[in-house]
Structures are given as structure tokens and as C-alpha cells.
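Novice: Structure incoming, see below.
Readers should treat all values here as calculations from the given coordinates under stated rules, not as data from a laboratory. Small disclaimer: the values here were computed from a predicted structure and weren't measured. Reconstructed Cβ throughout: ideal geometry from the backbone, glycine too, with neighbour counts over all protein chains shown.
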Amino acid sequence: MPGERSRSLYEEALGLFPGGVNSPVRAAVKPYPFYVSRAEGPYIYTVDGERLIDYVLAYGPLFLGHRHPRVLEAVREQLEKGWLYGTPTELEVALAKKILRYYHPGGMVRFVNTGTEATMTAIRLARGYTGRKYIVKFNGCYHGAHDSVLVGAGSAAAEYGVPTSLGVPEEVARLTLVARYNDLESVERIMRQYGDQVAAIIVEPVAGNAGVIPPKPGFLKGLRELADRYGALLIMDEVITGFRLGLGGAQEYYGVRGDLTTLGKIVGGGFPIGVVAGPREIMEKLTPSGRVFNAGTFNAHPVTMAAGLATIEVLETGEPYRVAREAASRLVKALEDLISRYSVKATVNHVENMFQVFFVDGDVSSPEDAARSNRELYARLHEELLRRGVFIAPSQMEAVFTSAAHTREVVDETIEALEEAFKRLGEQ
Ligand SMILES: *Cc1c(COP(=O)(O)O)cnc(C)c1O
């Protein structure tokens, strides 16, 4: 558990940052967040002298694990040459070519700094390109922290969006129509009524911000057809799944293509990044070739470009996918065995190298199902694991990730911790 040094830092932080942190999920680690001194491979080392096996991995970016030597070398090399020029580099050309090869052959890219900026820019671009104002998103899907997408948490049905945050004007939220994930009927209803005014449907191809919820067979294909039928763009928000479900992300994995792709997280190698990618015809509407505005002091930051490029080169060997997949399968199997051994009402959702356990009776095929799960039990599992040196997502609504650094020995140790944690849960 977090120790004294973390506790006193957090107490100080409570006076410096709203809620003591700089991004809300970090405060979900109870009783207080641990502070990190360094990290390497699958491990995080805390200021309290603890070593934790990390299955959070900064909420997605660190698919190679912490401090991967190839990424470190690329970043060091770039730092020696200076780190920000405000003018283009060879690195951005190389990284764009890599991304386009897997996502939009013959297309174009705009580099920004976060997933939030990527979806904000993609939505503006869709509106600018189609001349329409509505967007359709899914209840429980997360696309970052800007106004248009902070809509639709807890909405029970397809309807005009209700803001999820104070400060989002009703007039803005109303332009976001909220459908249900894995429920094509709910999208069709919206499209029948608003279809000719919908600029884009934006979706997480695997819902990864409501635990892990894979798309039902036919769901993504159905979205593709509805977008085409009504002349709307389909934005595949692959900020989590991009380069995670394979080099070509969820679009390759499920065989359904979006008109625009947003990327982030893994593709920056652990440095801040967002990417909008798509066909030339649409992308050229962005400034300066077109009139849909986007700009950024840090866009295509050389250090990020170097880290991203090194990361993709390692991913191209295929080895990281093999290791991460095996780690996840073994952990999921262990969890399922424990769930049946202790007769716990729970289910595990799993896609390749991301999974989540939900303490609920029955399947979880929508964010609404996920919301019914027993979060208190999940919090106890999280706490019991943390006590035993294993860090999983502190919230049920996040994913558990494996990485290229989660070798057999690391997973063996984790399975032991899982067994002890379930034993404790069973006793109480
Ligand atoms: C994390 C995430 C974002 C936002 O990315 P940031 O870099 O945190 O702004 C957008 N979409 C999805 C699917 C995400 O998981």
C-alpha cells in the first residue's frame, strides 16, 4: 500500500491541485495515490520503496512497458540535437508514412498533442467537410475532454445529448446525439430523424473507457453502412486500440474502415501525441491547405516523433504482440478459474491484450451493463492486489492492459497475487 512519503505528498498536493491530482482517475487510487520515483519494464517503483507490477501502463500508451531501451535511445539522440524547432523535421515525414501505411494508404496525417485534440480536430473536420452540424456518439464511449464529446454519460436512450460536465452549454451538447453502443437500432432511429444533418458518427471500435466491451459481430459494419447511407463520416477513435490490436488497430482486426481515424497513446511511445488520419480529399480541408482550422505550437514534437517511430519499429517485429497477448490470455484464464472456484458473480471481457473483470451477473455487452457491476467489489480487488504489489486500473471503467514487458515470470507472480486476493475477497 502507498506509504508515508506518498501520503505527505498527497496531502500537500490537495492544497495545490483540484482534488490533489492533474487528471481525475489518478485520485481513484485509495486511500491516496502512490507517488512514483522511477519505472522500468513491467515495474513501477514508488517513493515509498515499493515495487509494483504495472497493468495500467499510464492508461494505455506504454505498450512496450516502461523505459524501453530502443525508445530511450531514440529520445536521447533527439535531445542531443535540440528538442523543438517550430519547423518541420524528417522524423514527422517518417512517422506519417508508417501510420498511413497501416491506416490510410495514400492519405494524410495531422499530428497534434493529445487524443482530446485529435477527436476535436476530426469532428471539426467532419463538420467542415460535410457542411453539417450534428455528431452521433455512444453512451459510455470517451473521446477526450472537449465540449462536443462530454455528452452522453448515463443517458438511457438515444436522444439529444445532456452534458456530462458543468460548463458545457446546452446549445453545444444538443448537437451531440447519443446512441447506445452495440445497439444498431438506436443509431438507425437517430439517423432516420437527423441523418441528413449528421456530420459524423464517432465510435471507439472496442469500448475501452467503460471497462472493455468488444463490438458485437456486425455492429461496426452496420455503422459503416449507416454512415454511407446518410452521407455522414465514420470516425474510428482508435486512441486506445490503434497499434494495440495489431499494427492496423481495430480497423484491421475487425475488417471495418472509418473515413477518419484518430490515434494517440501508443503511437507517441509514451510522449504526448494525437493523430488525425484520413484520405487526402478530406484531410486537405485542414489549414493551411483548407479552411478547417487547426494549429499547435507543439504539433509533431520532434521528441514524440522519435519515440513514436522507435516504438512502431519494435512493434513491427511482432514480438510485443505475442508477449502481450500471451500475458493477457493467461491472466484472463486465471481470473475465470478463480471466479468459478469461489463462485463469484463476475465476468471477464477480453480482446487480445486488454481485459476487464466485471462483478455482475450475466454478460457485459454495453456500457449500461458495465454500470450495473459491483464497483465496491472491484475496488476491493484493486486494493488487495495493490497490497500484493500488483497495480490494475483503479476504476472498473478502465481497461487492464498487458505489454511487451509482461513476461511469463511476471505473469506467474501476478497470478499468485490474484489467488491470494480472491481468497481474501472470498473470506470477507
Ligand atoms: C484516452 C482517450 C482519448 C483522449 O486522449 P488524451 O490523450 O487523454 O486527450 C480519446 N479517445 C479515446 C478512445 C481514449 O481512450
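Novice: Go ahead and estimate [θ] at 222 nm for the chain from helices alone: -39,500 (n - 2.57) per DSSP H run with n ≥ 4, summed, over the residue count, rounded to 500.
Specialist: It lands at -12000 deg cm²/dmol.
Novice: Shifting gears a bit: Using the Cα centre of the chain as origin and beta-carbon charges of +1 (Lys, Arg) and -1 (Asp, Glu), tell me which of LEU91, THR347, SER289 is placed farthest towards the positive end of the dipole.
Specialist: Working it through, the farthest residue towards the positive pole turns out to be SER289.
Novice: May I pose another question? How high is the FRET efficiency between VAL36 and THR287 when r is their beta carbon distance and R₀ equals 30 Å, given to the nearest 0.05?
Specialist: The pair VAL36/THR287 has a calculated efficiency of 0.20.
Novice: Follow-up question, since we're still on this one. Quick one: Karplus J couplings for the range 303-316, per residue in order, coefficients 6.51, -1.76, 1.60, θ = phi - 60°, nearest Hz, x for Gly and Pro?
Specialist: Along the range 303-316, the couplings run 5, 5, 4, 5, 5, x, 5, 4, 4, 5, 4, 5, 4, 5 Hz.
Novice: Could you tell me what percent of the DSSP beta bridges with both partners in the range 175-318 are antiparallel, to the nearest 5?
Specialist: 40
Novice: Which residues' amide hydrogens lie under 5 Å from the amide hydrogen of ALA207, considering only partners 5 or more residues apart or on another chain, with H built in the peptide plane?
Specialist: Amide H to amide H, under 5 Å and 5 or more residues apart or across chains, ALA207 pairs with ILE213.
Novice: Kindly write out, for the range 22-28 in residue order, the coupling ³J(HN,Hα) from the Karplus curve 6.51 cos²θ - 1.76 cosθ + 1.60 (θ = phi - 60°), rounded to whole Hz, with x marking Gly and Pro.
Specialist: Those phi angles translate into 10, 7, x, 4, 5, 7, 6 Hz.
Novice: In nm, what is the difference between 0.36 nm times the number of residues separating LYS345 and ARG375 and their Cα-Cα distance?
Specialist: 9.5 nm
Novice: In the chain, what % of DSSP beta bridges are antiparallel (nearest 5)?
Specialist: 60
Novice: Normalised by the residues of the range 178-261, what does the relative contact order come to in percent, with Cα pairs under 8 Å and at least six apart?
Specialist: 29
Novice: Continuing with this model, one more query. By the scheme Lys and Arg +1, Asp and Glu -1, what is the net charge of all other residues having a beta-carbon under 9 Å from that of ARG408?
Specialist: Charge balance near ARG408 sits at -2.
Novice: Let me ask something else about it. Picking from PRO33, PRO105, PRO18, which is most flexible by a Gaussian network model of the chain using Cα springs under 10 Å?
Specialist: Checking each option, the largest mean-square fluctuation is seen for PRO18.
Novice: Read phi for every residue in the range 415-423 and hand back ³J(HN,Hα) as whole Hz from Karplus 6.51 cos²θ - 1.76 cosθ + 1.60, θ = phi - 60°, with x for Gly and Pro.
Specialist: Taking θ as phi minus 60°, the curve returns 4, 4, 5, 4, 4, 5, 5, 5, 4 Hz for the range 415-423.
Novice: Under 5 Å between amide hydrogens, which residues at least 5 positions from VAL109 or on another chain qualify, with H placed 1.01 Å from N in the peptide plane?
Specialist: Counting only residues 5 or more places away or on other chains, the set is empty.
Novice: With charges set only on the Cβ (+1 for Lys and Arg, -1 for Asp and Glu), what does the dipole of the range 69-315 come to about its Cα centre, in debye to the nearest 20?
Specialist: 260
Novice: Defining a contact as two alpha carbons under 8 Å apart and six or more residues distant in sequence, what relative contact order in percent does the range 69-315 show?
Specialist: This gives 29 percent for the range 69-315.
Novice: Collect residues whose amide H, placed 1.01 Å from N in the peptide plane, falls under 5 Å from the amide H of ALA346; neighbours closer than 5 in sequence don't count.
Specialist: Amide H to amide H, under 5 Å and 5 or more residues apart or across chains, ALA346 pairs with VAL360.
Novice: Which order do peptides 243-256, 365-378 fall in by mean Cβ count within 10 Å, highest first?
Specialist: Result, highest mean first: 243-256, 365-378.
Novice: Pairs of lysine in the chain with Cα under 23 Å and at least 8 positions apart or on different chains: total?
Specialist: Lysine pairs, 8 or more places apart or on different chains, close enough: 17.
Novice: While we're here: Name the residue from PHE34, TYR194, VAL178 whose Cα lies farthest towards the positive end of the charge dipole of the chain, charges +1 on Cβ of Lys and Arg and -1 on Cβ of Asp and Glu.
Specialist: Result: TYR194.
Novice: Along Cα→Cβ, 7 Å out, is where each label goes; now give me the distance between the ones at ASP363 and VAL93 in nm to one decimal.
Specialist: 5.0
Novice: Output the relative contact order of the chain, whole-number percent, from Cα pairs under 8 angstrom with separation of 6+ residues.
Specialist: Computed value for the chain: 20 percent relative contact order.
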